[in-house]
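The values are calculated or read from the model by the stated rules, or taken from the named source; none is laboratory data. Keep in mind that this is a model prediction, so the values were computed, not measured. In this analysis, Cβ positions are derived from the backbone assuming ideal geometry, glycine residues included, and neighbour counts consider all displayed protein chains. All accessible areas refer to the heavy atoms of the entire protein, side chains included, with ligands and DNA or RNA removed. Shrake-Rupley method; radii C 1.70, N 1.55, O 1.52, S 1.80 Å.
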Amino acid sequence: MNLRDLEYVIAIAKHGQFSQAASACNVSQPAMSNQIKKLEQELGAELFLRLNNEVRPTACGARIVDIATRMLNDAQKIRDTATEFRDPEAVPFTIGMTPTLAPYLTQYFSELFSTLFPRMRVTMIEDLPQNMLQMVEDHTLDLALVAKINNSDALDFTSIWSEPLFLALREGHPLHTLPSISADEVPVHDFIRLPHSFGYALEDRLPKQDPSSRISKRFDLTALRFETICRHICHSDDCTIVSALAAEQFKRDNWSLCFIPFEGPGHLRDLGAATRPNCPRKPMLARIGEYIREKPPIGVIPTYQPEHVDPPKQPVTV
């Protein structure tokens with residue numbers, strides 16, 4: 001029995017089919033099936049029930065899946081510990097961002113990493129918050145940049161900045177002269193929102209996506225991409241929510257939009273880094289946080305605070 005065998009066991013339990021599990025592990029299905037049979041012979045117990053269209057863990061197999069998961073996590077902790085004692089720039093770094101952040105931060109973080117870690121290879125991955133948090137837990141990502149409201153209890157959260165929320169309208173829209181707006185004042189029939197959360201508490205009080213409320217629209221839109229909605233708003237009476245980062249980028253790009261700040265509680269989101277507990281790359285996060293505190297992206301309010309470190313004890317003189 002080895003760690004690879006345990007990876008197979010977990011993959012089969014997760015996917016419920018040998019074919020999908022083999023694909024996820026980058027191995028042929030016959031090779032995986034043979035290895036599982038050998039493991040069952042070694043243990044003297046069946047781990048899986050082979051059904052017509054599904055593979056399920058036996059009672060014994062389910063307990064072994066739990067143990068295997070813990071063992072693989074511990075093995076990864078050993079690798080992480082070794083990483084801590086090596087040159088941090090020798091190990092690639094992978095950071096995740098949401099679709100409402102990544103388009104406006106690629107240049108900023110490229111410059112940040114070039115300044116702080118010029119020899120390190122960095123990969124930025126764009127995905128939804130729930131997917132990225134799972135990727136952090138699975139050791140696929142070192143860090144995910146998410147709103148605190150979206151973070152998982154299984155991960156640590158380090159606040160990096162807070163960011164205000166705006167209502168985006170086309171220039172010349174009947175509401176464009178308002179100095180601020182509350183969630184209750186947002187026009188229900190003209191409001192478009194993404195199917196996933198931006199991470200603001202205020203969102204619960206904004207109009208819900210309801211096709212019946214927009215039935216009078218001659219041309220309607222349902223979109224997965226945030227920028228698709230914003231481009232549509234440039235030439236319509238619709239509106240949407242926009243973060244300060246996006247608003248500042250749209251201004252620099254001369255988009256024909258105006259931005260009304262939201263008022264009231266919940267109009268700020270606490271954005272930060274989701275990391276695994278005791279992750280050995282936390283010192284890198286500290287340097288990233290210090291950089292952002294000194295040179296924040298336009299439109300945000302730095303919130304990063306270094307962890308308190310007790311001063312070294314002074315030697316006792318006799």
The condition of being free of Cβ contacts under 8 Å to residues at least 40 places away in the same chain and surrounded by 14 or more Cβ atoms within 10 Å (Cβ to Cβ) holds, among Leu47, Leu105, only for Leu47
Taking the range 67-95 and the residues there that are in a loop (DSSP other than H, G, I, E, B) and not aliphatic (A, V, I, L, M), the one that is modelled with the highest pLDDT would be Pro92
Restricting the range 23-58 to residues that are hydrophobic (A, V, I, L, M, F, W, C) and over 17 Å from Leu3 (Cβ atoms), the one modelled with the lowest pLDDT turns out to be Leu51
Given the conditions (1) within 27 Å of Ser162 (Cβ to Cβ); (2) open to solvent by less than 60 Å² (accessible area, probe 1.4 Å); (3) in contact with a Cys (Cβ under 8 Å, 6 or more places away or on another chain); (4) of a type outside the set (A, V, I, L, M), every one holds for Phe262 apart from (3)
For Ile149, the lone unmet condition from (1) part of a helix (DSSP H, G or I); (2) within 28 Å of Trp255 (Cβ to Cβ); (3) more than 14 Å from the chain's Cα centre (by Cα) is (3)
How many residues of the range 96-126 are part of a helix (DSSP H, G or I) and of a type in the set (Val, Ile, Thr)? The answer is 2
Of (1) farther than 30 Å from Glu89 by Cβ; (2) open to solvent by 60 Å² or more (accessible area, probe 1.4 Å), His267 fails just (2)
In the set His189, His139, the lone residue that is more than 27 Å from Glu89 (Cβ to Cβ) and in contact with a Lys or Arg (Cβ under 8 Å, 6 or more places away or on another chain) is His189
Given (1) assigned to a strand (DSSP E or B); (2) at pLDDT below 90, Lys217 misses just (1)
Apart from one, (1) assigned to a helix (DSSP H, G or I); (2) at pLDDT 90 or above; (3) of a type in the set (Val, Ile, Thr); (4) surrounded by fewer than 19 Cβ atoms within 10 Å (Cβ to Cβ) all hold for Ile298; the odd one out is (1)
For the range 89-140, the count of residues that are among the hydrophobic types (A, V, I, L, M, F, W, C), more than 20 Å from Trp161 (Cα to Cα) and touching a Pro at 6+ places or on another chain (Cβ under 8 Å) equals 3
Pairing a residue in the range 171-192 that is closer than 12 Å to Leu206 by Cβ with any residue that is open to solvent by 70 Å² or more (accessible area, probe 1.4 Å) and not in a loop (DSSP other than H, G, I, E, B), where Cβ atoms lie under 8 Å and the two sit 6 or more apart in sequence or on different chains, gives Ala183/Arg205; Asp184/Arg205
Scanning the range 153-191 for residues that are of a type in the set (S, T, N, Q), open to solvent by less than 50 Å² (accessible area, probe 1.4 Å) and more than 21 Å from Gly266 (Cβ to Cβ) gives Thr158
